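Peer 1: Next up is a structure, given as C-alpha cells.
The values are calculated or read from the model by the stated rules, or taken from the named source; none is laboratory data. Please read these numbers as outputs of a predicted model, since none were measured by experiment. Glycine also receives a Cβ, built like all others from the backbone with ideal geometry; neighbour counts cover every protein chain displayed.
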C-alpha cells in the first residue's frame, strides 16, 4: 500500500518560524510555553491545540489560528484513514472480498483490496465488518425473493438507496395516500402493456409512483441477490425497489404489482418493525398475501377461475382473455404455467 503524504502541522509551523528567524527558545519566551512542549509540537509528537494556535497567532499575525486548527484537523483525519487502511490489511481481505463480492461491485475501478473494503463499509454504512450481523441480521423490509445471500441482499438494498439519492427526487411535499394508490392501479396496468419499450414503461412507472409519494428504483441485482423486489422506507416515504431479476417484462411488472400489494396490505410508516425480510426459502404469509393481491389486480380471481374451467388454452383464447383484462398475454401464460395448467414449453413466444 502506498503511504499517504502526511506532514504534521508542527513541521509546517517550524518552516514558518525559520523563515521569520524565530528560534524555539524565543517562541517559548513569547508564548509562555516550555521549549520541550514546543519541540514536541514542531516534531509532530504533540497535537496543535486551540490554545497553541491562538498563542502563535500573536507571534505571526499574518497566519490566523483557524488555519493551524483546520490543518491539524485534516492531518489527524488523514492519519486515522492511514491507520484504518493498515488495520484492514491485517484482516483476511480475500475472504471478506469474496463474502461481499468486491470483484463484482468494484469491477473496473483501480482500487486496492483495502480501499475496496473501505468503500464497501460506506455502502453498508457500518464502521467495520464485525458489525454486519448486528445491522443486517434482521433487515426490515418486505421483499419478493428466491433465496440468496444476506450479504448480497444487503449490498443491493444499499445500492438501491444510493440510486434514490442520485435521482435527487424530493417527495417531501407529496403525501402518500393509499386510496390514491388504489385508484391509480388502472394507470399502472396501462403502463405494463408497453412491452415494446420496457425502459420507457419503467420510467413512466417511477414518475407515477413519485406523484403518489412513493420512491421507486429499478436496479440490477448483484450476484447471489435473488430478490425481485422490496418494499422499505426512505425519509419516511414508502419505497419500492425492483431488481430486474427474471429479465422478462412480465416478470418485472409482476414484481412491481407484488410490491404494490405489500404497500397496500402491509405498509405501516409508524411501525416498520412489523415488516421483515425472510432470508430462507419459506414463503411467509405476507408473501402469499402480496402474490394473491397482485394476481387479482391483474386478473380478477373469478374471471381467471372461469377461464381455467373452460380448459381452452389456445393462442387466440389467451390473447382474447388478456385483452379483456387489459393485460399482456404473457401474464396469462405465466399464471397458467405457475398453476400447472400449461407445460413450461408452451406459448413462450407470447
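Peer 1: Which pairs do you get when a residue that is more than 24 Å from residue 220 (Cα to Cα), found in the range 105-133, comes within reach of a residue that is at pLDDT below 90 and part of a helix (DSSP H, G or I), reach meaning Cβ atoms under 7 angstrom, with the pair 6+ apart or on two chains?
Peer 2: Hits for this filter: 114/85; 114/88; 114/89; 114/93.
Peer 1: For residue 254, are the conditions met, namely being touching a residue at least 60 places away in the same chain (Cβ under 8 Å) and surrounded by 19 or more Cβ atoms within 10 Å (Cβ to Cβ)?
Peer 2: yes
Peer 1: So residue 209 passes all but one of these: (1) at pLDDT 95 or above; (2) part of a loop (DSSP other than H, G, I, E, B). Which condition number does it fail?
Peer 2: (2) is the only condition that residue 209 fails.
Peer 1: Taking residue 163 as meeting all but one of (1) touching a residue at least 60 places away in the same chain (Cβ under 8 Å); (2) in contact with a strand residue (DSSP E or B) (Cβ under 6 Å, 6 or more places away or on another chain); (3) surrounded by fewer than 16 Cβ atoms within 10 Å (Cβ to Cβ), write down the number of the exception.
Peer 2: (1)
Peer 1: Please find, among 36, 94, 64, the residue that is closer than 30 Å to residue 149 by Cα and loosely packed, with under 15 Cβ neighbours inside 10 Å.
Peer 2: Unique residue meeting the criteria: 94.
Peer 1: Would you mind stating whether residue 191 is closer than 30 Å to residue 322 by Cα and either in a strand (DSSP E or B) or touching a residue at least 12 places away in the same chain (Cβ under 8 Å) (or both)?
Peer 2: yes
Peer 1: Can you spot a residue in the range 79-87 that is out of contact with any helix residue (DSSP H, G or I) (no Cβ under 8 Å at 6 or more places or on another chain) and more than 30 Å from residue 133 (Cβ to Cβ)?
Peer 2: no
Peer 1: While we're on this one: Suppose the filter is touching a residue at least 24 places away in the same chain (Cβ under 8 Å) and closer than 30 Å to residue 106 by Cβ; does residue 158 pass it?
Peer 2: So residue 158 fits the description; yes.
Peer 1: Would you pick out the residues in the range 160-187 that are in contact with a helix residue (DSSP H, G or I) (Cβ under 7 Å, 6 or more places away or on another chain) and assigned to a helix (DSSP H, G or I)?
Peer 2: 178, 181, 182, 185, 187
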